[in-house]
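Here's the structure we're looking at; comments come further down.
The values are calculated or read from the model by the stated rules, or taken from the named source; none is laboratory data. These numbers come from a predicted model, not from an experiment. Using ideal geometry, Cβ is built from the backbone for each residue, glycine included, and neighbour counts are taken over all protein chains shown. Keep in mind that these areas ignore ligands, DNA and RNA; they rest on the heavy atoms of the full protein, side chains included. Shrake-Rupley method; radii C 1.70, N 1.55, O 1.52, S 1.80 Å.
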Amino acid sequence: MKPTAGAPSILWLESTDSTNYALRARRSGLDNLSIVAAKGQTAGRGQGTHTWYATPGRNLTFSILYRFGEDCPLAAADAILITQVTTLALRDYLLAHGVEARIKWPNDIWVGDRKICGILIENTLEGAAVRESIVGIGLNLNETGWPAELPNPVSLTELTGRRYRLQPELKRLHEAICRRFGQLASSDGRKSLQEEFGKYMFRLHEEPK
């Protein structure tokens, strides 16, 4: 699948080791906000040495490319905005499905006391600026069977009782991410991201509301 010039694309793979790896290998031919998604991952990654559990074909596992430059510069000191854009877009998407979610520091999405989404952010710096970021996202969409060692997972299906098709749902989520990314273009937009992130975020010592 060849991306349309100047427009973000969504490339679906049947299987890959990690969508972050797959996107990195293709990034020179991709436009800003393009996505590489996979129906299955053989080495899905979480934070640190953790892996990401997802039954093939049931969940959203994908990576999105953020590029920064003259039109939208981002200082390395402001890299938290990448987390803010991504987590708030995920919250927007879930809220559109009637699910009220919270952000657990630094970049997980929880519903009540259960985890529905994990995010892995890998930035490339150029001096004191972020040049690009590859953001890997695992969203529990239709999962219902969990390994016993996972303490608190939940899926959108378990919350709503509905089943979801992967490609239309990724398109909806992509649109939410693009809207939030657009807020980086202005100081007011960045201020709003920071305020909302603070409003909907809790830390380990706090109980999700």
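Is it the case that some residue within region 87-100 is out of contact with any Cys (no Cβ under 8 Å at 6 or more places or on another chain), open to solvent by 10 Å² or more (accessible area, probe 1.4 Å) and in a strand (DSSP E or B)? Taking every residue of region 87-100 in turn, none turns out to be out of contact with any Cys (no Cβ under 8 Å at 6 or more places or on another chain), open to solvent by 10 Å² or more (accessible area, probe 1.4 Å) and in a strand (DSSP E or B). Mind checking which residues of region 98-151 are closer than 25 Å to Leu166 by Cα, among the charged types (D, E, K, R) and free of Cβ contacts under 8 Å to residues at least 60 places away in the same chain? Answer for region 98-151, where residues must be closer than 25 Å to Leu166 by Cα, among the charged types (D, E, K, R) and free of Cβ contacts under 8 Å to residues at least 60 places away in the same chain: Glu100, Asp108, Arg114, Lys115.
Apart from one condition, Pro56 fits all of (1) modelled with pLDDT of 90 or more; (2) under 20 Å from Ser155 (Cβ atoms); (3) open to solvent by less than 70 Å² (accessible area, probe 1.4 Å); the exception is (3).
Residues in region 152-167 that are in contact (Cβ under 8 Å) with a residue 40 or more places away in the chain and within 18 Å of the chain's Cα centre (by Cα): Pro153, Val154, Ser155, Leu156, Leu166, Gln167. When restricted to residues that are among the aliphatic types (A, V, I, L, M) and loosely packed, with under 15 Cβ neighbours inside 10 Å, region 101-118 contains 0.
Using the structure shown, decide if Ser133 is hydroxyl-bearing (Ser, Thr, Tyr), touching a Phe, Trp or Tyr at 6+ places or on another chain (Cβ under 6 Å) and at pLDDT 95 or above. Yes; evaluated as a whole, the condition is true for this residue.
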